[in-house]
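A short write-up of the structure that comes next.
Bear in mind that the values in this text are calculations on the coordinates, not laboratory data. These figures come from a predicted structure and were not determined experimentally. For neighbour counting, all protein chains shown are included, and Cβ atoms are generated from backbone atoms with ideal geometry for every residue, glycine included.
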Amino acid sequence: MDEKSPAFDARAFRRALGHFATGVAVVTARAGETDEVVGMTMSSFNSVSLDPPLVLFSVARSAHSLPAMLAARGYGVNVLARDQEHLSNRFARALEDKWAGVAHTAGVEDAPLLSGAIAHFECVPYAHHDGGDHVIFLARVVRFAHSEEAEPLVFFRGAYHGVVAS
Ligand SMILES: Cc1cc2nc3c(=O)[nH]c(=O)nc-3n(C[C@H](O)[C@H](O)[C@H](O)COP(=O)(O)O)c2cc1C
């Protein structure tokens, strides 16, 4: 289906994109001036560069957390475990207090690191780019950690899955 055709259907486009299975991350930040602490569920997280060590994620221009993410001097990328579906759901909503009862420690620039995540990447801003109705964030990784025995949470065709080892 081509973009200019009247038949281009945004819902069908989303459905087709959903066939690309991804992990699920919660990206967090503490915005300097307001001290607001934000966290967003994201499937757009990906690796970019080894030297320098860069990752990316894209944030909807409509997201409540976008101004805080743009103002932040550090981000925490938390790769969720199979048993953290509840955290994915919690951080995918515009809640008053997303953080109530969520165990975490402080990462770079006080960006929260969620306990139980299978990997953490602590990042600082590198660049922002126009991404249509999203803003693409490139971030430089300053510290990272991962667990050896870890089952990831997977998002595929709009639903959560685990990985079945073959
Ligand atoms: C599995 C999953 C993946 C998501 N990926 C993204 C993403 O990559 N970028 C984005 O802006 N929103 C994404 N969202 C939606 C945001 O998590 C959601 O809009 C959230 O409410 C944003 O936080 P905010 O309301 O504090 O801005 C995703 C939601 C889910 C459930």
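In the Gaussian network model of the chain, springs joining C-alpha atoms below 10 Å, which of ALA119, ALA150, ALA12 carries the largest mean-square fluctuation?
ALA12
Ignoring everything except DSSP H segments at least 4 long, calculate the 222 nm mean residue ellipticity for the chain; use -39,500 (n - 2.57) per segment, divide by total residues, nearest 500. Could you put the intermediate results ahead of the total?
Working: 3 runs with 20 residues, N = 166.
Taken over the chain, the calculation gives -3000 deg cm²/dmol.
What percent does the relative contact order of the chain come to when contacts are Cα pairs within less than 8 Å and at least six residues apart?
Numbers: 339 pairs, mean separation 43.6, N = 166.
Answer for the chain is 26 percent.
What span do the alpha-carbon atoms of the chain cover on each of the three principal axes, reported in whole Å from largest to smallest?
Over the chain, Cα extents along the principal axes are 48, 42, 39 Å.
State which stretch of the chain is the longest one without any exposed GluC sites (Glu not before Pro), exposure meaning a DSSP loop state and at most 12 other Cβ atoms within 10 Å.
The segment 34-95 is the longest one with no such site.
Could you tell me the distance between the Cα centroids of segment 25-65 and segment 81-119, to the nearest Å?
13 Å
Tell me the label-point distance for the pair ASP83, VAL124, using the 7 Å Cα-to-Cβ offset, in nm and rounded to one decimal.
3.6 nm
Short version: ³J(HN,Hα) in whole Hz for each residue of segment 147-157, in order, from phi by Karplus 6.51 cos²θ - 1.76 cosθ + 1.60 (θ = phi - 60°), x for Gly and Pro, what are they?
Karplus-based 3J(HN,Hα) across segment 147-157 equals 9, 6, 9, 9, 10, x, 8, 10, 10, 8, 6 Hz.
Among LEU80, LEU50, LEU138, rank each residue by its count of other Cβ atoms within 10 Å, from fewest to most, as a rough exposure measure.
By the 10 Å Cβ count, ascending, the order reads LEU50, LEU138, LEU80.
Scan around SER44 for amide H atoms under 5 Å from its own, H built in the peptide plane at 1.01 Å from N, and keep only partners 5 or more places away or cross-chain.
SER58
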